[in-house]
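> Sharing a structure with you now.
The values are calculated or read from the model by the stated rules, or taken from the named source; none is laboratory data. Everything numeric in this text was worked out from a predicted model, so none of it was measured. Note that each Cβ is placed from the backbone with ideal geometry, even for glycine, and that neighbours are counted across all protein chains shown.
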Amino acid sequence: MKRYISVFEMITRSSIYKVLAILAAMVVVEAFVIRSEYEWTFKIAYVLITIVILLPGMNLGSTQSYTLQRLRIKEKRIFWLQALYNTFAYVLLWGTQLVVILVSTLVYHNNLPEGVVWNNQSLFLAAYQNKFLHSILPLEDGPGWWILGFVIVGTGFFTAEVTKQQRCGKFAIEILIWVVAVVLFFPREVGYEFSPMIIALVVALMITGTRRLLNMGVDEA
């Protein structure tokens, strides 16, 4: 158990402070610079977090792979520890964005122009009028929660796959497919059930699954 804790701590230390710095920068920009239209700041933060998570696994001036080899932990277990941390990082991104939106809504509510009416349904209506707000807070929209879950868990999974393949001297191209799909097609239009992100997810999972089948012995090592 101590070895797994050590691995998780090492993975976390490799990028958590950079992730927090990116989130802090996003909050500052959204709170004091743009104050609305958060879609592109969210996407930029998403891409930057993906980069800082991947860099340690690329062995660019890092001894991470060497340390993992010395700990003698199976690759598939390292993968799931990495995926757990990565997913947590994207949950932080979503949570931070949600807090910014809710605080901004509260500030707006406390400084309403004269004659503007606010009631318990105002936030609900705003979430269905703005596709980004609706995608971050889908409320009763079931498919919206699925898409949001794909963004968070999917990116955590694919970034972990990149670092796993990198330790084997290979590259997992599915992360490029997935990140491009998120940047281009998230958020989805309100009320639009289909998303091209689903196609991208299926393609990326098929690539990952095929590789796992072809390298089953390596994955078990």
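> Phe150 - would you say it is in contact with a Pro (Cβ under 6 Å, 6 or more places away or on another chain) and under 28 Å from Leu98 (Cα atoms)? It would help to see each step written out before you state the result.
Details: in contact with a Pro (Cβ under 6 Å, 6 or more places away or on another chain): no; under 28 Å from Leu98 (Cα atoms): yes.
No, not satisfied.
> So Val203 ticks every box in (1) at pLDDT 85 or above; (2) crowded, with 17+ Cβ neighbours inside 10 Å but one. Which box is left unticked?
For Val203, the failing item is (2).
> Identify, please: which residue in the stretch 10-33 is in contact (Cβ under 8 Å) with a residue 60 or more places away in the chain and farther than 17 Å from Trp94 by Cα and is, among those, surrounded by the most Cβ atoms within 10 Å (Cβ to Cβ)?
That would be Ile11.
> So which residues in the stretch 166-181 are assigned to a helix (DSSP H, G or I) and without any contact (Cβ under 8 Å) to a residue 12 or more places away in the chain? Give the steps one after another, and end with the answer.
Here is the first cut: in the stretch 166-181, the ones assigned to a helix (DSSP H, G or I) are 166-167, 174-181.
Leu176, the sole residue that qualifies.
> If you don't mind, there's one more thing I want to ask. Look through the stretch 180-198, keep the residues that are of a type in the set (A, V, I, L, M) and modelled with pLDDT of 90 or more, and return whichever of them is nearest to Val162 (Cα to Cα).
Val180
> Out of everything in the stretch 81-120 that is surrounded by 13 or more Cβ atoms within 10 Å (Cβ to Cβ) and of a type in the set (Phe, Trp, Tyr), what residue ends up being modelled with the lowest pLDDT?
By that ranking, first place goes to Tyr108.
> Only residues that are modelled with pLDDT of 85 or more and touching a Leu at 6+ places or on another chain (Cβ under 6 Å): list them for the stretch 121-146, please.
Within the stretch 121-146, Ile136 is the sole residue that qualifies.
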